[in-house]
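Values quoted throughout were computed directly from the atomic coordinates according to the rules given, and no laboratory measurement underlies them. Remember, predicted model here, so these are calculated numbers, not experimental data. Neighbour counts are summed over all protein chains in view; Cβ atoms, including those assigned to glycine, are modelled from backbone coordinates with ideal geometry.
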Amino acid sequence: MKRFLSTLLVLVVARAGGARAADVEGRLRVTGRVLWDGNAPRDFSQRGISRNTSDGVFSLLASAEGRYTAERWQLVGRYDGGARAYLDYTRENTLVQAAALEGSLALGESLGLGVEGRAKDRRGGGRAYTDLSASAFAEYVPDARLALRLRLGAHRFLYRPDPTANFGSPEAGVLARYRLDRRHSFSLTGEYGARRYASAARLAPAAPPRMTDRRADTALLASVGYSYKGPLTLGLAYTYLENNSNSFGESVHRHRLSATLGMRLPWKLTLLAQGALGLNLYPDGVYLSPEITLLEEDEAQNMLSVRLVRPLNDWLDVELSSAVHGSSRMPTTGLSYFRPVVGVGLTWRP
């Protein structure tokens, strides 16, 4: 991590100093927010039963990006670090770090080889984990309109509250992008993983007693997306995730439709909106895995967020934000999830 941050710092400083401007790019952003969280512990609730779980929270997010391009090779890196501190629900205080580094080498005008690595670490709250992945890829880019990438790699996931959820997995993936013109583009993604756990597979309640195998899951993901860049920026995506397990209650099939919107408004305002609808299906009729949130927000839930951003000067922006996360009522337990969040923030961008 220290070496990665050092690399990014060199790129950002070189950019700021104007050295080799044609080959080096860098960006740094720091955002502080004061928020009201309507469901700080992220509790599920039953119909007719509710309690006050709201709290005030301060969040700080820093992100740095860097790119170095030579004649035949390229190095790209990104680092994000964030922290949240609650006033009352201090057990929900979190520290999150994520880093990604990619290096690629051109083999002629249309072929390339490369390696990439990603790491994310979350501490605090009930969702503490470390997520690591590394892969090698081959890329085919015959022109500016088409890009095709194939990758092979490995994935390691460590979930601190419950070690039985730890897994290792070989992975394979494909990514295709097609640019119809300068405004319209399409993407297609497919991923496969064979996850292996150290814990034993759980037997179904009605199954006769027997020796159990180790838990093994097959994870499949397919996604198709469309983006438009014009007077406004629009993105649409449909994602299907299928996790099939030999352990009872661990299988889930998820459909997710998401959209993003960005547009300029009068008075130098920018509107940024994001929404998603999800449908989760459980082949065993119940889902028994620990609740694991892999992103800063609740990616497995329905959500809608809106931000209004206005620059105060060349290096400082002010924003108002609002978001709602929720899920439909579960038929087996009658529980549902609802979490509203509103806040105000400042972003510094040197």
Give the residue from 110, 129, 165 lying farthest towards the positive end of the charge dipole for the chain; charges sit on Cβ (+1 for Lys and Arg, -1 for Asp and Glu) and the dipole is referred to the Cα centre. 110
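For the stretch 228-272, what is Rg from Cα atoms divided by 2.2 N^0.38 Å, rounded to two decimals? Could you put the intermediate results ahead of the total?
On the way: Rg = 18.1 Å, N = 45, 2.2 N^0.38 = 9.3 Å.
Dividing the Cα Rg of the stretch 228-272 by 2.2 N^0.38 Å gives 1.94.
What do the square roots of 5 times the Cα gyration tensor eigenvalues come to for the chain, in whole Å, largest first, as semi-axes of the equivalent ellipsoid? Spell out each step's value before the answer.
Working: eigenvalues 238, 164, 85 Å².
Semi-axis lengths for the chain are 35, 29, 21 Å.
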Cα pair distances exceeding 18 angstrom across the stretch 134-222, given as percent: 60
Charges only on Cβ, +1 for Lys and Arg, -1 for Asp and Glu: so what's the dipole of the stretch 169-289 about the Cα centre, in debye to the nearest 20? 540
Length released on extending from residue 261 to residue 145, taking residue separation times 0.36 nm less the Cα-Cα span: 39.5 nm
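Quote to one decimal, in nm, the extra length available between residue 95 and residue 310 on full extension: 0.36 nm per residue of separation minus the C-alpha distance between them. Mind showing how you got there, number by number?
Details: separation 215, 0.36 × 215 = 77.40 nm, distance 2.75 nm.
Answer, rounded to one decimal: 74.6 nm.
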With n ≥ 4 as the cut-off for DSSP H runs, can you work out [θ] at 222 nm for the chain, using -39500 (n - 2.57) per run divided by the number of residues, rounded to the nearest 500? -1500 deg cm²/dmol
Student exercise, the chain dipole from Lys, Arg, Asp, Glu Cβ charges, in Debye to nearest 20: 260
Show me the ranking of peptides 203-214, 307-318 by mean Cβ neighbours inside 10 Å, starting with the highest. 307-318, 203-214
In debye to the nearest 20, how big a dipole does the stretch 71-209 give about its Cα centre with +1 on each Lys and Arg Cβ and -1 on each Asp and Glu Cβ? 300
